[in-house]
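Q: I'd like to ask some things about the structure below.
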Amino acid sequence: MDTDGHRDPVPVFGFLRPCRHHLGPELHGLWSSHLCGLCLALRDGAGQPARVTTHVDALVVSVLGEAQGVVGTRRAGPCPLRGMRPATVVTGEGARLAASTALLLAADRVADHVEDRDGAFASRPAAVVGKHLATRWSRAGTSVATDLGFDPAALLAVPARQREVEARVGSSLRAVTAPTEAAVGAALAHTAVLAGRPGNAAPLDEAGRLLGRLAHLLDAVADLDDDAARGRWNPLAATGVSRSGASGECRATVAEIGAALRRVSFVPGPARRLAHVLLVHETGRAVERAAGPREPLAPWDPAAPGGEPPGEEPPDGGPPDPPSGPGRRGLLAGCAAAAGLCCTGQLCCADEFVGPWSGQPRQNPCGRCSDCVDCSECSCDCCDDCSSCGDCCSCDCGS
């Protein structure tokens, strides 16, 4: 949102938050390979600074490419975000298309902020840097897209089309989301072109348009109260759609995404399962998160793996007082260790990590998510370890 009341181009990729315990070991490993592959593709295509444009939802493009047979892998060296471990990462045209999409969307967003001189780009020096980055990313994204035979016009046109629609009196909610829908639809449909599966282009374009609509609606729901307080333009307020009405529209959109995916011909394997989980189950979770607060985690259970009696062992949310015993760290050393855990991604990506102050092994809090259900013994081959479908074996996993 800019200071003139216009809404920024919607961050298409940014609302999916796949949990390793929802995905299961196999799918989480594949997801991580795509994430690292996207990050490295951004570096190779536009330099080190471009890695900040990595969005986990851009992986949908890369995953859909592999699910249709477009994939390559290579061994990558140690990285701080992997705890300085090497890994096998996804490469190839699917990863490059995802990188191009991320670059173009980021360029649009930064350029919009620079033009309006708001946010981090309010000062002249920051605006100069922002303009340089936006230009560099736009050129790099366009170059990669051209190499892949992808016309980036829909992505490049999002900011101008969005402003035009918002300035039009009486625009409908579908008209407001149309620019984002067209951009995401074009990106997803081109994965079918890369795979040499022209029959998949139409249903993937539809799935992409629905995904773009969902992203825009979820963003509008999340910003509704803040926009009202600041007197800013919001799609729901401007079109007279209530929060509950938008939530209902979001749920219907998730169902339509699943229906579109059932018309896509995928290559059997884990990438097909991952595509289904991301585009159907994780979008559903995103809708429920936007609809309201989740239930709190269950109370401490001494029988749970990694559990500790309250008060017996100091929690790692803060330093113990006083520090004593083997493995314990003082205040400064614990703070340094905590910073290291955050910077290396271990707090969100590792099953276990060493407590920064206690020095003792800790199970990742996500490991005790109250809504995690292990369906790994289910015979349904695309719902391993997924919990959002209730009866895992009865979920509709598409083709």
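Q: I'm checking my understanding of the structure. Among residues of segment 1-37 that are outside any helix (DSSP H, G or I) and aromatic (Phe, Trp, Tyr), which one is modelled with the highest pLDDT?
A: This residue is Phe15.
Q: Would you please list the contacts, defined by Cβ atoms under 6 Å and residues six or more apart or on different chains, that run from a residue in segment 164-186 that is more than 17 Å from Phe150 (Cβ to Cβ) to a residue that is part of a helix (DSSP H, G or I) and polar (S, T, N, Q)?
A: Close Cβ pairs satisfying both conditions: Leu173/Thr239; Pro179/Gln162.
Q: Same structure, new question: Could you list, in sequence order, all residues of segment 45-60 that are closer than 10 Å to His34 by Cα and in contact (Cβ under 8 Å) with a residue 60 or more places away in the chain?
A: Within segment 45-60, Leu59, Val60 meet the criteria.
Q: Of everything in segment 55-74, what is among the β-branched types (Val, Ile, Thr) and outside any loop (DSSP other than H, G, I, E, B)? Give them in sequence order.
A: Val56, Val60, Val61, Val63, Thr73
Q: Quick one: what pairs do we get from segment 67-78, first residue over 17 Å from Ala275 (Cβ atoms) and among the small types (Gly, Ala, Ser), second in a strand (DSSP E or B) and at pLDDT below 90, C-beta under 7 Å, 6+ apart or different chains?
A: Partner pairs satisfying both residue conditions: Ala76/Pro86; Ala76/Ala87; Gly77/Pro86.
Q: Could you say which residue among Ala207, Ala201, Ala246, Ala238 is within 18 Å of Glu181 (Cβ to Cβ) and either of a type in the set (Ser, Thr, Tyr) or in contact with a His (Cβ under 9 Å, 6 or more places away or on another chain) (or both)?
A: Sole residue among the options that is within 18 Å of Glu181 (Cβ to Cβ) and either of a type in the set (Ser, Thr, Tyr) or in contact with a His (Cβ under 9 Å, 6 or more places away or on another chain) (or both): Ala201.
Q: Now for a separate question. Here is a list of conditions, (1) closer than 27 Å to Gly292 by Cβ; (2) not in a helix (DSSP H, G or I), and Val169 meets all of them except one; can you say which number that is?
A: (1)
Q: Restricting to segment 45-64, name every residue that is at pLDDT 90 or above and not hydroxyl-bearing (Ser, Thr, Tyr).
A: Those that are at pLDDT 90 or above and not hydroxyl-bearing (Ser, Thr, Tyr): Val60, Val61, Val63, Leu64.
Q: Now, a different point. Search segment 68-113 for residues being of a type in the set (D, E, K, R), modelled with pLDDT of 90 or more and over 21 Å from Glu26 (Cα atoms), and hand back the single one that is surrounded by the fewest Cβ atoms within 10 Å (Cβ to Cβ).
A: Out of the qualifying residues, it is Glu93.
Q: Restricting to helices (runs of 4 or more DSSP H) lying wholly in segment 218-280: which have 1 or more residues that are of a type in the set (D, E, K, R), at pLDDT 90 or above and more than 21 Å from Val71 (Cα to Cα)?
A: Those helices (runs of 4 or more DSSP H) span 243-261.
Q: OK, next. Among the residues of segment 148-164, are any farther than 17 Å from Ala99 by Cα and either modelled with pLDDT of 90 or more or not in a helix (DSSP H, G or I) (or both)?
A: Within segment 148-164 (the criterion being farther than 17 Å from Ala99 by Cα and either modelled with pLDDT of 90 or more or not in a helix (DSSP H, G or I) (or both)), the answer is yes, since at least one residue qualifies.
Q: Looking at the structure I just gave you, is Ala140 in contact (Cβ under 8 Å) with a residue 40 or more places away in the chain, on the phi < 0 side of the Ramachandran plot and under 20 Å from the mean Cα position of the chain (by Cα)?
A: No; evaluated as a whole, the condition is false for this residue.
Q: Going through segment 247-279 one residue at a time, which ones are of a type in the set (Gly, Ala, Ser) and free of Cβ contacts under 8 Å to residues at least 60 places away in the same chain?
A: Residues satisfying the conditions are Ser247, Gly248, Ala252, Ala255, Ala259, Ala260.
Q: I'd like the full set of residues that are acidic (Asp, Glu) and exposed (fewer than 12 other Cβ atoms within 10 Å of the Cβ), limited to segment 221-249.
A: Residues satisfying the conditions are Asp225, Asp226.
The values are calculated or read from the model by the stated rules, or taken from the named source; none is laboratory data. The structure presented is a predicted model; accordingly, all values stated were derived computationally and were not measured. All Cβ positions, even for glycine, are placed from backbone atoms using ideal geometry, and neighbour counts span all protein chains on display.
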